[in-house]
Amino acid sequence: MAPRTRLTPGVLLAALALLVASVAGATLIGAAGLGWQRVVGEVWAQLTGGVSPLSAREAAIVWQVRLPRVLLAGLVGAALAVSGAAYQGVFRNPLADPYLLGAAAGAGLAATLVVVTSAGPAVVPVAAFAGALGGVGLTWVLSGVAGGGTAVLLLAGVAVAAFLTAVQTFVQQLDADTIARVYTWMLGGLNTSGWDQVLRTLPYVAVSAVALCVCARLLDVLSLGDEEAASLGVRPGRVRLLVLLAASLATAAAVSAGGLIGFVGIVVPHVVRLLAGVGHRVVVPLSLLGGAVFLIAADQVARTVLAPAELPLGVVTAVVGAPFFALVLRQRRERVR
Amino acid sequence: MSRGDTVELRDVSVGYGGPPAVAGVSVEVPGGGWLAVVGPNGAGKSTLLKGIAGVVRAEGSIVVGGQPLAALPARERARVLGYAPQVAVVPDGLTVTDYVLLGRTPHLGRLAKEGRRDRAIAADVVERLDLTRLAHRELRTLSGGERQRALLGRVLAQQPRVLLLDEPTTGLDIGHAQALLDLVDRLRAEDGATVITTLHDLVFTAQYADRVLLLDQGAPVASGTPEQVLTEANTTRHYSAAVEVLRTSAGDPVVVPARRRSLRADDGII
């Protein structure tokens, strides 16, 4: 029997192969109708220094529009899924998601304020990033810092989210003209992305991902409960602080780049648990890779189904995610029986 | 495994922030000894054990093998003391082997993973506790007795010099309870580990522990050999129970309830 709590090289390689395939697939096929054979020709030409079948403008679509967008989708998906896995581990609750502690509400309020004050679209990602961290920070302060325990933290998160959402709705109502723009941002999307955004998002996601993968075994120890973890020499409060800090940073970066994209943080870790194993040393790294694959695929659907119009990414993840989630729950129920 | 160490408690109080739940405990357990902490519900038995384990804050002096625990970092302490709670949290999907391996935590580098040696130690523990057949089974699918053995396995994988077991026979029938206590006694003899348990069963207490500490309302009220502590007077007073103390054929005291018969024919009331 394969160990379901440790990552085997075979499973890791399979996940990496899936990631490479999804990046390649999404780069080759897009709304511009370049034809995937010709894009392959362009890539081949770049590698060998030959003549490309694409015009300069078409080549720019591939390298300056598609590829950064695919990579950004991968980064955002990875960040949300790995944060979801971390939150579920810390709260020992399968329904915890990265927006639980006020990240979404904080980002929503900040983004709305920017839209309403017409500070310009370039400021929105910065504001969303600050708002997400601000929301989580407020929750943390309200819960009396780690000592309050996970239940208090969770309730503080609910309170902060409700309050910030109410303020956001109020601000939005004051300025009815901007509702459509706020709404579009809320539903999530990556349509303003370029290499800049990829490079801005990458460091946060990379640092958080490394921190969370390193903490995976400690999350396993934490799953025994605080007292037992303490009796094994682990300090639950410290581990929680570190993990939530890393997960919140990744979430803020994701929200900043893609708005509020739901379901990734819940669906992906659960699918990983169902397919690959249960321990955090499996769930955390595979959620990272699986989240990237899932969002790249979802974004592919979002930008091609109604081309040249785009579906909001949050709508696609929910439409795909909700039924899939129901299926997973059904499977789990049958397994538990 | 290493020899058991003497455990000395001097004026120890343990609490959860408010007034201490148990206070003024002084007791000494020689290396390789077995101390049973007994007392009525809410007397502070489990709290005292958690205080010794360092899971709950304790005041006063706790010295193990000549070393004050207060001076030890959390990880060092976890290599000296192994603690098994009364009811262990059972994470979803974990197998017995995975669970036992988590006991190696205080021996690993802060971020390192288990190595060959850790796996060998875990496999050895699994074999000693007769869990080999269940090694790849999920914890959730085990019976109460098997689960208690797995919990003991996780504590043993810590290779502690002192075992702190909170009501290890909870939920076990008489046969399984006896088997588990025999097992603890065997481990104590083989490894020389010092054992401190809370126990609510006074019959088992008399047969396994070599010293007994009786707590009532957070204070120590009697301490000594089972013979000295488990008397009719002590039990009647601190448990508010009507009891008789009988003897086994081996001479161990047996505290049994004696039903109160308020209406007796020979009292002349009826």
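Need one number: % antiparallel among DSSP beta bridges in the protein assembly as shown, to the nearest 5.
So the antiparallel bridges in the protein assembly as shown amount to around 60 percent.
Contact order normalised by length for the range B:7-267, with contacts defined as Cα pairs under 8 Å and 6 or more residues apart; what percent is it?
Once normalised by length, the contact order is 25 percent.
Charges on Cβ only, +1 for Lys and Arg, -1 for Asp and Glu, centred on the Cα centroid of the protein assembly as shown; of B:102, A:127, B:17, which one is farthest towards the dipole's positive end?
Projecting each Cα onto the dipole axis, the largest value belongs to A:127.
Which order results if A:261, A:266 are arranged by neighbouring Cβ count within 10 Å, fewest first?
Numbers: A:261 32, A:266 25.
With the fewest neighbours first, A:261, A:266 line up as A:266, A:261.
Return the FRET efficiency for the residue pair residue A:319, residue B:113: r is the Cβ-Cβ distance, R0 is 35 Å, and the value is rounded to the nearest 0.05. Each step should come with its number before you reach the end.
Values: r = 39 Å, r/R0 = 1.12.
For residue A:319 and residue B:113, the calculated efficiency is 0.35.
Where in chain A are the DSSP H helices whose C-alpha atoms run 15 Å or more along the long axis and whose mean Kyte hydropathy is at least 0.5?
A:9-28, A:67-91, A:103-116, A:124-142, A:149-174, A:195-214, A:236-258, A:264-275, A:280-304, A:313-336
Count the DSSP beta bridges whose two residues both fall in chain B, then state the antiparallel fraction as a percent rounded to the nearest 5.
60
For residue B:256 and residue B:182, what does the FRET efficiency come to when R0 = 25 Å and r is the distance between their Cβ atoms, rounded to the nearest 0.05? It would help to have the intermediate numbers written out before the result.
Details: r = 22 Å, r/R0 = 0.88.
Computed FRET efficiency for residue B:256 and residue B:182: 0.70.
Tell me which trypsin sites (Lys or Arg not before Pro) from the range B:176-270 have a DSSP coil assignment and no more than 15 other beta carbons within 10 Å of their own.
B:259, B:260, B:261, B:264
Over the range B:154-270, calculate the relative contact order: mean separation of alpha carbon pairs under 8 Å at least 6 apart, over the residue count, as a percent.
Reported as a whole number, the value is 17 percent.
Let me make sure I get this right: for the range A:97-229, a, b and c are the square roots of the gyration tensor eigenvalues over alpha carbons, sorted descending. Under 1.5 in a/c it's rounded, otherwise prolate if a/b > b/c, else oblate. Which is it?
Working: a/c = 3.10, a/b = 1.49, b/c = 2.08.
Oblate is the answer for the range A:97-229, as a/c is 1.5 or above yet b/c matches or exceeds a/b.
If you place +1 on the Cβ of every Lys and Arg, -1 on the Cβ of every Asp and Glu, and leave all else neutral, what size is the dipole of the range B:7-267 about its Cα centre, to the nearest 20 Debye?
Computed charge dipole of the range B:7-267: roughly 800 debye.
If we count every other residue with Cβ under 15 angstrom of residue A:288's Cβ, Lys/Arg +1 and Asp/Glu -1, where does the sum land?
Charge balance near residue A:288 sits at +2.
Based on other C-beta atoms within 10 Å, arrange B:25, A:171, A:234, A:158 from fewest to most.
A:158, A:171, A:234, B:25
Dipole size in debye (nearest 20) for the range A:77-332 around its Cα centre, Lys and Arg Cβ +1, Asp and Glu Cβ -1?
Values: 12 positive and 10 negative charges, 100 e Å.
Computed about the Cα centre, the dipole is about 480 debye.
If you rank B:50, B:113 by fewest surrounding Cβ atoms within 10 Å, what's the result?
The most exposed by this proxy come first: B:113, B:50.
With +1 on the Cβ of every Lys and Arg and -1 on the Cβ of every Asp and Glu, and nothing else charged, how large is the dipole of the protein assembly as shown about its Cα centre, in debye rounded to the nearest 20?
1200
Using helices alone, what [θ] at 222 nm do you get for chain B, with -39,500 (n - 2.57) per DSSP H run of 4 or more residues, divided over all residues and rounded to the nearest 500? Can you show the working numbers first?
Values: 9 runs with 87 residues, N = 270.
Estimated from H runs of four or more residues: -9500 deg cm²/dmol.
Could you give the length gained by full extension between residue A:117 and residue A:20, i.e. 0.36 nm per residue of separation minus their alpha carbon distance, to one decimal place?
Result for the pair: 30.8 nm of gain on full extension.
Given R₀ = 41 Å, what would the calculated FRET efficiency be for residue A:173 paired with residue A:32, taking r from the Cβ atoms and rounding to 0.05? If you can, show how the numbers build up before the last one.
Working: r = 39 Å, r/R0 = 0.95.
Given R0 = 41 Å and the Cβ-Cβ separation, E is 0.55.
For A:217-228, what's the mean count of beta carbons from other chains sitting within 10 Å of each residue's beta carbon?
Whole-number average of other-chain Cβ neighbours for A:217-228 is 6.
Quickly work out the residue A:301-to-residue B:67 label distance, labels modelled 7 Å from Cα along the C-beta direction, and quote it in nm with one decimal.
5.7
Can you tell me the length gained on complete extension of the stretch residue A:56 to residue A:181, counting 0.36 nm per residue apart and subtracting the Cα distance?
41.7 nm
Given Cα pairs under 8 Å that are at least 6 residues apart, what percent is the relative contact order of chain A?
Once divided by the residue count of chain A, the mean separation gives 30 percent.
Which of the listed residues, B:230, B:258, B:51, is farthest toward the dipole's positive end in the protein assembly as shown, when Lys, Arg count +1 and Asp, Glu count -1 at the beta-carbon?
Most positive-ward Cα: B:51.
Within 10 Å of each Cβ in B:83-91, how many Cβ atoms from other chains are there, averaged over the peptide? Walk me through the numbers before you get to the answer.
On the way: counts 5, 2, 5, 0, 1, 4, 8, 3, 11.
Averaged over the peptide's residues, the number is 4.
Looking at the range B:107-253, send over the antiparallel percent of its DSSP beta bridges, to the nearest 5.
Values: 6 of 11 bridges.
Taking every DSSP beta bridge within the range B:107-253, about 55 percent pair in antiparallel fashion.
Are there chymotrypsin sites (Phe, Trp or Tyr not before Pro) in the range B:9-92 that DSSP puts in a loop and that have at most 14 other Cβ atoms within 10 Å, and which ones?
Sites meeting the loop and neighbour criteria: B:16.
From the residues B:151, B:183, B:93, which one has its Cα farthest along the dipole of the range B:7-267 in the positive direction, the dipole being from +1 and -1 charges on Cβ of Lys/Arg and Asp/Glu about the Cα centre?
The one lying farthest along the dipole's positive direction is B:93.
Under a crude label model (7 Å from the Cα following the beta-carbon direction), how far is residue B:57 from residue A:275 in nanometres?
Between residue B:57 and residue A:275, the label points sit 4.7 nm apart.
Once both labels are modelled 7 Å past Cα along the beta-carbon direction, what's the residue A:95-residue A:245 spacing in nm?
3.1
Sort the protein assembly as shown into rounded, prolate or oblate with this rule: let a ≥ b ≥ c be the square roots of the eigenvalues of the Cα gyration tensor; rounded if a/c is under 1.5, and if a/c is not under 1.5, prolate when a/b is larger than b/c, oblate otherwise.
It comes out prolate by the Cα gyration axes.
Every read-out reported here was derived from the displayed coordinates using simple, explicitly stated rules and does not represent laboratory data. In this text, all values refer to a predicted model and were calculated from it rather than measured experimentally. So basically every Cβ, Gly included, is an ideal-geometry build from the backbone, and we count neighbours across all protein chains shown.
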